[in-house]
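The values are calculated or read from the model by the stated rules, or taken from the named source; none is laboratory data. In this text, all values refer to a predicted model and were calculated from it rather than measured experimentally. Here the Cβ positions follow ideal geometry from the backbone for every residue, glycine too, while neighbour counts run over all protein chains shown. The protein model used for the area step is the full one, side chains on, heavy atoms only, and it has no ligands, DNA or RNA in it. Shrake-Rupley method; radii C 1.70, N 1.55, O 1.52, S 1.80 Å.
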Amino acid sequence: MTSLTDPSGTSAPEPVGKAGPGPVPATTAATTTGAATAPTTGSADATVPAPTRELIAVSADGTRLHVEVHGPETAPAVVLAHGWTCSTAFWAGQIRDLAVDHRVIAYDQRGHGRTRPSPVCSTDALADDLVAVLDATLAPGEKAVIAGHSMGGMTVLAAAGRDAFQEHAAAVLLCSTGASQLVAESTVLPLPPGRLRTWLTRHVLGSRAPLGPVTPIARRILKYATMGAGSAPHMVDACARIVHACPRKVRHTWSHVLNLLDLEHGVQALRVPTAVIVGTRDRLTPPVHARRIAAALPHCVGLTELPGLGHMTPVEAPGLVTGRIRELVTTYAQLKEGA
């Protein structure tokens, strides 16, 4: 078992050479010395830098997706898919750090950020949207590392069997996600597992109630549900502002999709090298999901469990998430043809 004493440091992990890299054990753990939580050094500014260009990708049903491209056009490509109730702003730390020497492509899921809501909400629609983004931003046959957080990871699983995904995916990073049984295994409510907890969790996560302004109480609630106890105030505030900006109808509608989620087949279809990250205090997608996915993946290149961190790992441990993406690019991705 590999131990990382600084799981979110400001520098990327040492690259693995391209000459026949072997798989990383799927039981990698990140630990800290003399602390209950993993360090959270990395980009602290939650402001997304101005993109190099913006475009609209049109999905299969006509939904128009807001897409941003950051960094040099000839650099290795990275595609970022955010989670439920979030937006491209969620990836601010990764975009800022990676865009120096990568072409970073981030998009707003339907109904989120600057992408308008759609009457169609399903895992097939998520897959259609990711494929549309890949087709709109990558040259034929061009490869990219694709990172998905939470519902973004589920998007990757939903698209894994698509020809266009397989054409463009060099490697994948799954952050704080699951493939099935999300509501039954959520620990947001401090109750024993069973029908009562599942019923209550379904109604809490699927509530139509407005979240309202970002108040101190709202921050406390969001921090409890989605982040580790040691999360810095600026990280909590950034996540709260992103989540509270999501329209309540969108939040409610997608909660039903997540409640019925079953993408175990997508795990088997994801045959590219895939790394998995989870916080040990993740209440929305507890580590049992990451462990199950890592065990079932055809080509898992590492499972990293971050002590004390919650569900928002790209914000809570920006340096580590960025480092994992860099490592996957160095090992598996190719430069854009002609670079």
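Of all accessible surface on the stretch 194-339 at a 1.4 Å probe, what whole percent is carbon and sulfur? It would help to have the intermediate numbers written out before the result.
On the way: 3830 of 6490 Å².
Of all accessible area on the stretch 194-339, carbon and sulfur atoms account for 59 percent.
When ranked by the protection proxy of mean other Cβ atoms within 10 Å per residue, highest first, what sequence do the peptides 72-79, 50-57, 201-208, 129-136 form?
So the peptides 72-79, 50-57, 201-208, 129-136, ranked by packing, come out 129-136, 72-79, 201-208, 50-57.
How many Å² of accessible area per residue for the stretch 66-168, probe 1.4 Å?
Computed with neighbouring chains in place, this is 26 Å² per residue.
Beta carbons within 10 angstrom, averaged per residue: use that to sort the peptides 185-195, 113-123, highest first. Numbers along the way, then the final one.
Numbers: 185-195: 13.5, 113-123: 16.7.
Put in order of decreasing packing, that is 113-123, 185-195.
Can you give the accessible area of Y332 in Å² (nearest 10), computed on protein heavy atoms with a 1.4 Å probe?
60
Taking amide H positions as placed 1.01 Å from N in the peptide plane, with prolines and chain starts having none, which residues 5 or more places from L309, or on another chain, fall under 5 Å of its amide H?
A38, T280, R281
Run the numbers on the stretch 233-339 and let me know its relative contact order in percent, using alpha-carbon pairs under 8 Å that are six or more apart.
In percent, rounded to a whole number, it is 24.
So, with a 1.4 angstrom probe, what is the percent of accessible area on the stretch 51-193 that is carbon and sulfur?
Ligands and nucleic acids excluded, carbon and sulfur give 55 percent.
Take the alpha carbon atoms of the stretch 277-301, find their center, do the same for the stretch 241-262, and report the distance between the two centers in whole angstrom.
The stretch 277-301 and the stretch 241-262 have Cα centres separated by 21 Å.
Note the full-extension length gain between S207 and D237 as 0.36 nm times their separation in residues minus their Cα-Cα distance, in nm to one decimal.
8.6 nm
Once fully extended, how much extra length lies between L200 and E73, figured as 0.36 nm per residue of separation less the alpha-carbon to alpha-carbon distance?
Full-extension gain reported as 41.0 nm.
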